[in-house]
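The values are calculated or read from the model by the stated rules, or taken from the named source; none is laboratory data. A quick note: this is a predicted structure, and the numbers were derived from the prediction, not measured. Don't worry about glycine lacking a Cβ; one is built from the backbone with ideal geometry, like all the others, and counts go over all protein chains shown. Ligands, DNA and RNA are excluded from the accessible area calculation, which covers all protein heavy atoms including side chains. Shrake-Rupley method; radii C 1.70, N 1.55, O 1.52, S 1.80 Å.
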Amino acid sequence: MIQANTELLPAPEMTDTEITDTAVPVRLRGLVRVPCPLCNCATSRPETVIAGYSLEKCNDCGLIYMNPRCTADHLADIYTVRDEDSLIELYSRIASPSVLEDYNQKLAKIERMVPGKGRFLDFACAAGYLFEEAQKRGWDAHGCDVGEWTGRAAEKRHLQNMHVGDFDDLNFPDNHFDVVYASQVFEHLLYPLEDLARLKRVLKPGGLLYIEVPNYNTLPIRFGKDDFMLNEPPQHINYFTPTTLRKVLTDGGMERITMTSCGGLKWENLLGRPIISDVAAAYGLVDDRSGTASRPSLLSRCPSTAKQLAKSTVIEPLLYNGAKIGMNLLAYSRKPSHV
């Protein structure tokens, strides 16, 4: 995450705030007001408050972002790992069979769009389970992350092609990768257009960029029911809708943009219940007091043929692709072939 030459607006001193990231306490002081990180507009209006932090909506492009927000120093402190073994164990729990199956479904779709299984980069790959699955499928797959712990995680599994460090220091060649995969990362970036330019540089002309982010267009958020589990500031500073994610890509010079949503519809939140998923369970965030953690959803109790029919005729075409109200936004785009 690289700072841009953007002048910060004056801000009052903030009081110390205790936050937690994967059970690691961090102290934040002195958040700063900033112009819109997407269009640099200096004016915004209040949107909501999550976990004691204010989100605002840009008066120009409509991006919703944390304001006042962290500086690069804050984020460096947040993501400094105090207990590497615990974090490595956390990601091993996250990589459940259902999560790995989801990775393989995403890779299968990418393979239909990019035949040949060439070079693949997983940007901000954490423990590297996604690009490990890509390697198993025959890709020349690499991962990169700034966290030193990710190198240890790769070593413990004898995983090759893990690159640790700041992206600019890794010296990936220009026009090198057929696919760049960036899942659950752009919501963390101080200057998303600058990081997009870095990813675009290493893509081959015509190469595919995959971006996945939490979706601010979900029904629970629209109705004020969302628990923002694993989607809270100050770690998450950008909150994208289909319109603003498309703007990132178009302003960044990407072409042939297609967008959908995925990841479930968060019906539990609409019913006032905590979301149930393998990832939430891995973090220990299911509220056992509610008595709902083991209660199967209505759809899960349906016969498999009925579930498949509902998914193919209603959920995917109307809700995921049409209304784009899934938990996550997913965008495919291409680097121009003439670049």
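Within segment 213-229, take every residue that is farther than 30 Å from HIS338 by Cβ and of a type in the set (Val, Ile, Thr) and give me the one that is most open to solvent (accessible area, probe 1.4 Å).
For segment 213-229, the residue satisfying everything is ILE221.
Would you be able to tell me the number of residues in segment 219-266 that are at positive phi, in contact with a strand residue (DSSP E or B) (Cβ under 7 Å, 6 or more places away or on another chain) and assigned to a loop (DSSP other than H, G, I, E, B)?
Matching residues across segment 219-266 total 2.
Mind checking which residues of segment 42-91 are among the small types (Gly, Ala, Ser) and open to solvent by 20 Å² or more (accessible area, probe 1.4 Å)?
If the condition is that a residue be among the small types (Gly, Ala, Ser) and open to solvent by 20 Å² or more (accessible area, probe 1.4 Å), then ALA42, SER44, ALA51, GLY52, SER54, ALA72, ALA76, SER86 are the ones that fit.
Of the numbered conditions (1) touching a residue at least 60 places away in the same chain (Cβ under 8 Å); (2) surrounded by 18 or more Cβ atoms within 10 Å (Cβ to Cβ); (3) under 18 Å from ILE78 (Cβ atoms), GLU187 satisfies every one except a single condition; which is it?
(1)
Consider TYR210 carefully, then state whether it is closer than 21 Å to ILE94 by Cβ, within 18 Å of the chain's Cα centre (by Cα), at pLDDT 95 or above and surrounded by 18 or more Cβ atoms within 10 Å (Cβ to Cβ).
Judged against the criteria, TYR210 is a match.
For residues in segment 54-92 being among the aliphatic types (A, V, I, L, M) and part of a loop (DSSP other than H, G, I, E, B), which is modelled with the highest pLDDT?
So the residue we want is LEU63.
Are any residues in segment 141-158 in contact (Cβ under 8 Å) with a residue 24 or more places away in the chain and of a type in the set (A, V, I, L, M), and if so, which ones?
Within segment 141-158, VAL146, ALA153, ALA154 qualify.
Specify which of the listed residues (ILE88, ILE50) is touching a Pro at 6+ places or on another chain (Cβ under 8 Å), of a type in the set (Val, Ile, Thr) and within 29 Å of THR150 (Cβ to Cβ).
Just a single option satisfies the conditions, and that option is ILE50.
Within segment 291-310, does at least one residue satisfy the condition of being among the β-branched types (Val, Ile, Thr), modelled with pLDDT of 75 or more, exposed (fewer than 11 other Cβ atoms within 10 Å of the Cβ) and out of contact with any helix residue (DSSP H, G or I) (no Cβ under 7 Å at 6 or more places or on another chain)?
Within segment 291-310, not a single residue is among the β-branched types (Val, Ile, Thr), modelled with pLDDT of 75 or more, exposed (fewer than 11 other Cβ atoms within 10 Å of the Cβ) and out of contact with any helix residue (DSSP H, G or I) (no Cβ under 7 Å at 6 or more places or on another chain).
Give me the residue from segment 267-280 that is open to solvent by 60 Å² or more (accessible area, probe 1.4 Å) and assigned to a helix (DSSP H, G or I) and, out of that set, modelled with the highest pLDDT.
This residue is TRP267.
Within segment 194-201, is even one residue crowded, with 21+ Cβ neighbours inside 10 Å, assigned to a loop (DSSP other than H, G, I, E, B) and modelled with pLDDT of 95 or more?
no
Condition first: in contact with a strand residue (DSSP E or B) (Cβ under 7 Å, 6 or more places away or on another chain) and either free of Cβ contacts under 8 Å to residues at least 60 places away in the same chain or outside any helix (DSSP H, G or I) (or both). Now tell me which residues in segment 202-214 satisfy that.
Within segment 202-214, LEU203, LYS204, GLY206, GLY207, LEU208, LEU209, TYR210, ILE211, GLU212, VAL213, PRO214 qualify.
Pick from segment 109-146 the residues that are open to solvent by 60 Å² or more (accessible area, probe 1.4 Å) and in a loop (DSSP other than H, G, I, E, B): which of them is modelled with the highest pLDDT?
Out of the qualifying residues, it is ARG137.
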